[in-house]
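Heads up, the thing below is written out as structure tokens.
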Amino acid sequence: MEYDQVVLGRRSIRGYRPDPVPRALIEEVIALALRAPSSMNTQPWHFYVVGGEPLERIRRGNTERMVAGVPQSREFRTGGAFAGPHRERQVGVAKQLFGAMGIARDDAAARQDWVLRGFRQFDAPVCVIVAFDRDLADSDDTVFDCGAAATAFVQAAWSRGLGTVINSQGIMQSPVVREHAGIADDHVIMKSIALGWPDEDFPANAVVSERRPVSDAAVFVGFGDGDA
Ligand SMILES: Cc1cc2nc3c(=O)[nH]c(=O)nc-3n(C[C@H](O)[C@H](O)[C@H](O)COP(=O)(O)O)c2cc1C
């Protein structure tokens, strides 16, 4: 695939076929992701690739604890509720997804079902936990580097026909993830990436989320013509 095809074609996949993903293919994708740049080439990331029974236990534990009202215990900072343009974009993509799935605004049961699907990592056959070295936890570069590796991962996966969705929902309950994925004590859980073969019949998979135009996201300085 051409680079533009990968970048423009990739979208988050929230419905998967149950077919297994060969370990060799996942290793190929990780090898590409490992080419991501990192601060001083520190490569602070670790990929825990989880499938089978351990993944089922994570899904179950995450969901049961969330439904029981156990407070989330993710290992990264989350800010307050979004406001202004961020809230608008959040609502925008949610409307696209719910629209595709035929979930009405006032259909509390269907909305709850969607949230639960997220807690189960959309029933993907594989989940990749991205973690980083705890001794680099004080630097924001570390989080930035994990983002670079995660982006490289989802694009590499897409280039091989695999779908992904980076998610925080599937790792709401850190102790559950730690236990069943065998996360080392000196690693911090950053994010999760659901992985598998896209179900072409799953409506939300067709959603192409919106992006700001370059003129809004970028500022040009020193290029002439009054800039901006
Ligand atoms: C850090 C991060 C966390 C995310 N968490 C979730 C999540 O918990 N559940 C979900 O359905 N999507 C999640 N997403 C996917 C975003 O909603 C998605 O990337 C965004 O709407 C843009 O859509 P696209 O990936 O299809 O281009 C997350 C993405 C990122 C980068």
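Residue by residue through region 157-178, note down the ones that are away from the ligand (no atom under 13 Å from the Cβ), open to solvent by 10 Å² or more (accessible area, probe 1.4 Å) and closer than 23 Å to Glu27 by Cα.
Within region 157-178, Ser159, Arg160, Gly161, Arg178 qualify.
Taking interchain pairs and intrachain pairs at least six residues apart, which have beta carbon atoms under 6 angstrom, with the first residue in region 14-33 and at negative phi and the second of a type in the set (A, V, I, L, M, F, W, C) and not in a helix (DSSP H, G or I)?
Going by the 6 Å Cβ cut-off, the qualifying pairs are Arg14/Val165; Gly15/Phe202; Tyr16/Ala124; Arg17/Trp197; Asp19/Trp197; Val21/Val126; Ile26/Val49; Ile30/Phe47.
From the list Gln121, Gln96, which residue is open to solvent by 40 Å² or more (accessible area, probe 1.4 Å), under 21 Å from the mean Cα position of the chain (by Cα) and either under 27 Å from Trp197 (Cβ atoms) or modelled with pLDDT of 95 or more (or both)?
Being open to solvent by 40 Å² or more (accessible area, probe 1.4 Å), under 21 Å from the mean Cα position of the chain (by Cα) and either under 27 Å from Trp197 (Cβ atoms) or modelled with pLDDT of 95 or more (or both) holds for just one of Gln121, Gln96, which is Gln96.
Please work out which residue is nearest to Ala206 (Cα to Cα), limiting yourself to region 54-93 and to residues that are surrounded by 13 or more Cβ atoms within 10 Å (Cβ to Cβ) and aliphatic (A, V, I, L, M).
The selected residue is Val93.
Looking at region 141-151, is at least one residue more than 16 Å from the ligand (Cβ to nearest atom), at pLDDT 95 or above and out of contact with any Ser or Thr (no Cβ under 6 Å at 6 or more places or on another chain)?
No: region 141-151 contains no residue that is more than 16 Å from the ligand (Cβ to nearest atom), at pLDDT 95 or above and out of contact with any Ser or Thr (no Cβ under 6 Å at 6 or more places or on another chain).
May I ask you to list the residues in region 211-228 that are of a type outside the set (A, V, I, L, M) and loosely packed, with under 10 Cβ neighbours inside 10 Å?
Arg211, Pro213, Ser215, Asp216, Gly222, Phe223, Gly224, Asp225, Gly226, Asp227 - these are the residues of region 211-228 that are of a type outside the set (A, V, I, L, M) and loosely packed, with under 10 Cβ neighbours inside 10 Å.
Any residue at all in region 189-196 that's within 19 Å of the chain's Cα centre (by Cα), polar (S, T, N, Q) and either more than 13 Å from the ligand (Cβ to nearest atom) or open to solvent by 30 Å² or more (accessible area, probe 1.4 Å) (or both)?
To start, the set of residues in region 189-196 that are within 19 Å of the chain's Cα centre (by Cα) comprises 189-196.
Then drop every residue that is not polar (S, T, N, Q), which leaves 192.
Okay, now just the ones that are also either more than 13 Å from the ligand (Cβ to nearest atom) or open to solvent by 30 Å² or more (accessible area, probe 1.4 Å) (or both), so none.
Scanning region 189-196, I find no residue that is within 19 Å of the chain's Cα centre (by Cα), polar (S, T, N, Q) and either more than 13 Å from the ligand (Cβ to nearest atom) or open to solvent by 30 Å² or more (accessible area, probe 1.4 Å) (or both), so the answer is no.
Any idea how many residues of region 1-53 are within 16 Å of the ligand (Cβ to nearest atom) and surrounded by 15 or more Cβ atoms within 10 Å (Cβ to Cβ)?
Final tally of qualifying residues: 12.
Give region 186-208 a look and list any residue that's of a type in the set (Gly, Ala, Ser) and farther than 30 Å from Pro44 by Cα, or say none.
Residues satisfying the conditions are Ala204, Ala206.
The values are calculated or read from the model by the stated rules, or taken from the named source; none is laboratory data. In this text, all values refer to a predicted model and were calculated from it rather than measured experimentally. Ideal geometry is used to build each Cβ from the backbone, glycine not excepted, and the neighbour counts take in all protein chains shown. Quick note on the areas: whole protein, heavy atoms, side chains included, nothing else; ligands and nucleic acids left out. Shrake-Rupley method; radii C 1.70, N 1.55, O 1.52, S 1.80 Å.
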